[in-house]
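The values are calculated or read from the model by the stated rules, or taken from the named source; none is laboratory data. Treat the numbers as computed from the prediction; the structure is a model and nothing was measured. We place every Cβ from the backbone using ideal geometry, glycine too, and count neighbours over all the protein chains shown.
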Amino acid sequence: MLSAMIAMFVVLVAVIAVTNLDMVKQKLGLAVQEQVQETAAIEEADTGGGQIGNDLSAFLQDETFFDPEVKFKSIQTYSGRNVFLVMSSVAKDLRVMVVDSVGKLVTGAPFTVKINGAGEYTDTDEDGIIYVDGLRAGEYSVSLEEIEGYIVPNTITTIQVRQEIEYRVLDEIEYLMLTEDDIDPSKEDKAVNGAEEAADGTENTELQIGKGSARLGIDVSKWNEEIDWETVKEAGIEYAIIRCGYRGASSGALVIDPMYRENIEGAIDAGIPVGVYFFTQALNEVEAVEEASMVIRLIEDYDVDYPVFLDSEGAGGRGRADGLDAEERTKIHKAFLETISAAGYETGIYASRNWLEDELDMTELSEYRTWLAEYAEVPTYDEYYHMWQYTSKGTVDGIDTRVDLNLCYMNIDTSVNHAKSAAGYSGVVSGDSGNVPTGDDRE
C-alpha cells in the first residue's frame, strides 16, 4: 500500500516538472545557456553561415545550391531572324524565296538551299531569291542550310515541278512584287514611247468628245502625278486605263506603280470605268506568267470593266528584253495573255504601229484586243484595232500634266461588277469580241 502511494507521488511530481519545465530551467540556470546558443546560431546565419534563417536570398551565396553543369543554351545562342522558304514553279523550273515572318524577302545574305536530286544553290546576289531552271518534272525536296544570324526551319519542303506551262496565277507572286522604295526607278522604269518617236506632226491633241460611236478615255501612270478624278469625270472622260506596274528594264524586278491604287480607286469612286496595263520586260514564258499573275493580284479586288493590256514597248536599247526577236517576243506575249484570259479577264496588247508591224507576229495574237498607239490625224496601221491612242499631248481638266488620249470602239459592259469577290462576277469583261475596221471606215 505504501509503495503504491510513493509511486503515485513520483508521477505527480514528474507531471508538475514537465508542465513547468521553463521555470525549472530558469531556476537551474539552463535557459540562459540555450538562449545564448540560439542567438549565436542566428548571428552565424546573418554572416553567411550554414543556416539560411529569414534571408530569402541567402541561397544565392550557396555554391552547392546550383548544378554546375549548364543544361540549356544561352538566349544569345538562339538570337537571330526567323526565315522561311516559299517556292513556286511554272514549268521545269523552281523559284525559292527566303522570307521573314511578315512575308518580306530577306536580302543581304548568301542563303544556300539543298534541292534533292539537283544539288546545292546559293543566293549569290543576295536578293532573297534562288532560281533554278532546266529541271525535270517531278517532286523535289528543298531545305535551307544553316547560316549565321538567322533561324532556319528544320523541316524539308516539297514542291511539284511541272513539265509544261499552265497558264494560271502563281499563288506566291506577292513575294516578288516590289515598290519603288525597293529599287532605283531611274534605272528600271525605262519604257520608250515608240509612237511619240514616229509621230508625223498631224496628230489632233484635242478632246474628241462625241466622235461617232467611239468613247473618249485616258491612260495614266505615276508620270501624271496627282489627279482630281471628279474633275476628270466632269471634263467628259468616259474611261481610264491605269498602269498597275512594270518589270524593271535592268534588274527585271516586278514593281507596282506608286500611283496605281490611288488612281484606280479615285477613278472608280468618281464613276469612271477602268482598265489596266502593265509594261513588260519578260525574257521568257515563265516571266510572262509571273507578270500576268502580278496583274491579277493587283486588280482582283476592283471592278475592272475594260481589258487588261500588255504594254509592249522597248526601253531605248537599255532594256533586258530589247534584244528579243519577233518570234520570241510573240511567244512570251501569248503566255501573258493566256494567263490573263484564264483568270476571266478580257486582254490585249498596247503598242505603236511600228512595233506591231516589226516586233510582233500579230497573226499569232489576232484573238486578243489591239490598242494602237499612232499619233496622226488618220492612222496608217493596216490591221484591225479596238482602241486608238491618238496623242500623248492631251490636256484634261483635273490633270496638271500632259496626258494620253484614246478612242475606244469596243462595247464594254459596265453593268456587272467584275471584282472577283462580287456576286455578279462572271469571268467575262467585254461584251463585244469583234474587231473594228481601220481608217475612214470608222468615221
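Some observations on this one:
- Residue in segment 325-332 that is under 30 Å from Ile399 (Cβ atoms), out of contact with any Pro (no Cβ under 9 Å at 6 or more places or on another chain) and touching a residue at least 24 places away in the same chain (Cβ under 8 Å) present: no
- Test: residue in segment 93-104 that is over 23 Å from Ser251 (Cα atoms), of a type outside the set (Phe, Trp, Tyr), surrounded by fewer than 13 Cβ atoms within 10 Å (Cβ to Cβ) and modelled with pLDDT of 95 or more: no
- Here Tyr246 meets each of (1) in a helix (DSSP H, G or I); (2) touching a residue at least 24 places away in the same chain (Cβ under 8 Å) with one exception, condition (1).
- Hey, Thr231 in a loop (DSSP other than H, G, I, E, B) and either in contact (Cβ under 8 Å) with a residue 12 or more places away in the chain or surrounded by 19 or more Cβ atoms within 10 Å (Cβ to Cβ) (or both) or not: no
- Some residue of segment 168-189 being closer than 18 Å to Gln389 by Cβ and touching a residue at least 24 places away in the same chain (Cβ under 8 Å): no
- Condition met for Tyr277 (touching a residue at least 40 places away in the same chain (Cβ under 8 Å), crowded, with 22+ Cβ neighbours inside 10 Å and assigned to a strand (DSSP E or B)): yes
- Hits in segment 173-211 (condition: hydroxyl-bearing (Ser, Thr, Tyr), part of a loop (DSSP other than H, G, I, E, B) and closer than 20 Å to Gly245 by Cα): Thr179
- Entry remark, segment 98-123: residues being at positive phi and part of a strand (DSSP E or B) number 1 in total.
- Across segment 314-368, the qualifying residues are those that are under 16 Å from Val276 (Cα atoms) and part of a loop (DSSP other than H, G, I, E, B), and the one among them that is nearest to the chain's Cα centre (by Cα) is Ala343.
- Filter pass, Gln208 being in contact with a Leu (Cβ under 7 Å, 6 or more places away or on another chain) and either modelled with pLDDT under 95 or surrounded by 14 or more Cβ atoms within 10 Å (Cβ to Cβ) (or both): yes
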